[in-house]
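Q: Let me begin by handing over the structure; questions about it come next.
Throughout, read-outs are computed from the coordinates displayed, never taken from laboratory work. Treat the numbers as computed from the prediction; the structure is a model and nothing was measured. Here the Cβ is made from the backbone with ideal geometry for all residues, glycine too, and neighbour counts use every protein chain on show.
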Ligand code: 6PG
């Protein structure tokens, strides 16, 4: 499988490269639709990009925050104040440092029970935001797990074969196990997709994905994300090998 790859020396330069390639997307989205929608990834890799976005004047002050709408590609079924929450990580690194209107921050609800209720509520939030338009994020950031998961789509998950729902509640072999995740239904219509992959521990899975012949049936969920515009893989040298 051929990947559109950008290899950067380290995580800081990877994060800067992602930001540099984000701004033309923001500009085009705001010019065409008056707003920019981004699905943030969780985990550790994107933390540096979020903090550079918030702390670097040229990025922070160049962003039309009143037109930016933040969503999440997945969330853990924990309190938004939990250290395990993807929202909490984004709040600490980005949201609490920039003048984004609170109504533009579209958290995944994680206080409803059971988790399926959260997935349904998030889907309603997406429907409200996208209205009659196709629910295509202007940019979706995704990470890669060592066994090929992305968002909270893990190998053999039934959510991989979802044909209708945009959001699913899943139980995953990771901590915490209960997750809310976007499904390939919505991820495969995103306008732009950036994978952020750093660290030597991702080298093996990247090689395995590249060795895949048929992406559609790949056992690796990340390999199954094929929106109209192919994803761009931002790798640091440690992950690229
Ligand atoms: C999550 C993420 C998940 C993450 C990968 C990579 O909720 O954990 O959405 O898909 O992107 O597990 O995580 P790292 O960036 O920490 O390696």
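Q: Sorting 32, 202, 62, 2 on the 10 Å Cβ count, fewest up front, what's the list?
A: Ascending number of Cβ neighbours within 10 Å: 2, 32, 62, 202.
Q: Find the centroid of the Cα atoms in the range 14-90 and in the range 196-241, then give the distance between the two in whole Å.
A: What the calculation gives is 21 Å, centre to centre.
Q: Taking only Cα atoms and a 10 Å spring cutoff, compute GNM fluctuations for the chain and point out the largest among 103, 162, 230.
A: Judging by the Gaussian network model, the answer is 103.
Q: Just to be sure I understand: with springs between alpha-carbon atoms less than 10 Å apart, which residue in 218, 15, 41 has the highest mean-square fluctuation in the Gaussian network model of the chain?
A: So, out of 218, 15, 41, the one fluctuating most is 218.
Q: Most fluctuating residue of 174, 159, 90 in a GNM of the chain with Cα springs under 10 Å: which is it?
A: Between 174, 159, 90, it is 174 that shows the largest mean-square fluctuation.
Q: So how do 36, 154 line up by other beta-carbon neighbours within 10 Å, fewest first?
A: Result, fewest neighbours first: 154, 36.
Q: While we're here: Using Cα-only point scatterers and the Debye equation, what is log10 of I(q)/I(0) for the chain at each q in 0.07, 0.11 Å⁻¹, rounded to two decimals?
A: Result of the Debye calculation: -0.20, -0.52.
Q: Moving on to the next point. May I ask you to sort 83, 191 by Cβ crowding, counting other Cβ atoms within 10 Å and putting the fewest first?
A: Fewest-to-most ranking of 83, 191: 83, 191.
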